[in-house]
Each structure stands twice: as C-alpha cells, then as structure tokens.
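Right, one structure below, let's go through it.
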Amino acid sequence: MAHIKLPEFEDMSPAIQDKARPILEKTGKLGEIFKLLAIDEKVYFATDGMIQKYLLDETALSYEIKESIALLISVENGCKMCVDVHKSIAKMLGLSDERIEEVLQGVDAIHTSDEEKALLNFCIRASKKDNYKILKEEIDALKDMGYSDVQIIEAVAITGYFNYINTLSNVFALGQ
C-alpha cells in the first residue's frame, strides 16, 4: 500500500482525466504511478512528456536499448514496480522474453554487441551518486565505438528519467 492516499479517477483534474480515460477503457485500471503523478498536474504533464519523448517516440536509440536501460536502472534502484511495468512495456515494444530475462540478469548476460554492453554499463555508472566522476574519456570511448552525441545524451536522459521515476515509486512504496 502506498505511503500516501492516491487519487481515484473522479478526484483527478479534467486534463488528467482526459489522459486517463483511454487507459481505463483499454485496461480497466490505472497504475499506482499514474495515480501518484496525478496528484500534481505539473508533475504529471512534465513526466508524461518525458515518457512520450524518451521512451515511446522513435528516437536515435532503438526501443530495445531504451527498454534495456529502463530495466537495468530500475533493477539497480530496487524498483520492483518499475521492473514489472517495464517488462510488459518492453514486450509490447517488441523485446523478446529471452532478451528481457537476459537484461534482468545484468549486462554481462545480454547477448548483444560489446558496443551496446559498453553503453548499458555507462548508463548504470551514470545512474550512481558519483556520476560527477565520469570522465570525458569515458564519453569519448562511446563515440569511438560509433555512438553519436545525440545517442549518448538520450541514453543519459533515459537513465536520469529512471532515477527520477524509481525514486518516486520507491519513496511512496508503490507496488508494495
């Protein structure tokens, strides 16, 4: 049970209800993270924009890499709810059950290129408290592997997003 009272559909602002209605029609329920964000319309729409632009829109990174980052960072942060949600989203976006299970076991278990493993390990490193110690040489190494500035920034933005959403979920005990 969440540490704070989560609003029901009828308690949400009309603008958020407009976003919630299709979800309710499709799934019959709203997840706890949706309800938590709905407490504050500014937080909801800022977060929704990140979800759309980082994760759901086609971007410089593949859905496979983006969802791998989502799962890896959520595992690192101990966010069970986010792991469960993103296992389903990853599947919906085309990741195989095998790939999802590999990601959940850690970067070394993923059957992918050394370059992709380097990017995923970099994201895990970027998610840590001491990310201010990352050196230019570490970013240059990713560029030498073929990653563009846009791809690296996107990967770090997704990493930061998952630190953010995992924090919200963990602090308020969502999914427990």
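Remark: the Asp130-Tyr164 segment gains 10.6 nm on full extension, using 0.36 nm per residue and subtracting the alpha carbon distance.
Shown here for the range 8-83: GluC sites (Glu not before Pro) in loop regions (DSSP other than H, G, I, E, B) with at most 12 other Cβ atoms within 10 Å, namely Glu8, Glu58. Within the chain, the ratio Rg/Rh, alpha carbon atoms throughout and Rh by Kirkwood, equals 0.99.
Only sites in a loop by DSSP and with at most 11 other Cβ atoms within 10 Å count here; which trypsin sites (Lys or Arg not before Pro) in the range 120-158 make the cut? Filter output for the range 120-158: Lys129. Among the cysteines of the chain, Cys123 have no other cysteine beta carbon within less than 4.7 Å of their own.
Straight-line cross-link reach from Lys133 at under 21 Å between alpha-carbon atoms covers these lysines, not counting any fewer than eight positions away in the same chain: Lys117, Lys143. What the phi angles of the range 26-35 give under the Karplus curve with 6.51, -1.76 and 1.60, with θ = phi - 60°, is a coupling list of 7, 10, x, 7, 10, x, 4, 5, 4, 4 Hz, glycine and proline written as x.
Taking θ as phi - 60° and the Karplus parameters 6.51, -1.76 and 1.60, the scalar couplings of the range 2-12 work out to 4, 6, 10, 6, 9, x, 8, 3, 5, 8, 8 Hz in sequence order, x denoting glycine and proline.
Sequentially through the range 62-73, phi angles give Karplus couplings (6.51, -1.76, 1.60; θ = phi - 60°) of 5, 4, 4, 5, 4, 6, 5, 4, 4, 5, 4, 5 Hz, Gly and Pro residues having no value and appearing as x. Using a cut-off of 27 Å between Cα atoms, the listed pairs Lys53/Lys91; Lys5/Lys129; Lys19/Lys129; Lys19/Lys91 include Lys5/Lys129; Lys19/Lys129 as exceeding that distance. Compared with the direct C-alpha span, the chain from Ala109 to Ala2 gains 35.2 nm at full extension, assuming 0.36 nm per residue. For the range 1-55, trypsin sites (Lys or Arg not before Pro) are listed when DSSP marks them as loop and at most 13 other Cβ atoms sit within 10 Å of their Cβ; the list is Lys5, Lys29.
If you roll a 1.4 angstrom probe over the protein chains with everything in place, what fraction of the accessible area of the chain belongs to carbon and sulfur, to the nearest %?
Percent of accessible area from carbon and sulfur atoms in the chain: 56.
Measuring r between the beta carbons of Phe9 and Glu101 and using R0 = 30 Å, the FRET efficiency lands at 0.30.
The values are calculated or read from the model by the stated rules, or taken from the named source; none is laboratory data. Just so we're clear, the structure is a prediction, and the values are computed from it rather than from any experiment. With ideal geometry, Cβ positions are generated from the backbone for all residues, glycine too; neighbour counts draw on all protein chains shown. To get the accessible areas, we keep the full protein, side chains included, count just its heavy atoms, and leave off ligands, DNA and RNA. Shrake-Rupley method; radii C 1.70, N 1.55, O 1.52, S 1.80 Å.
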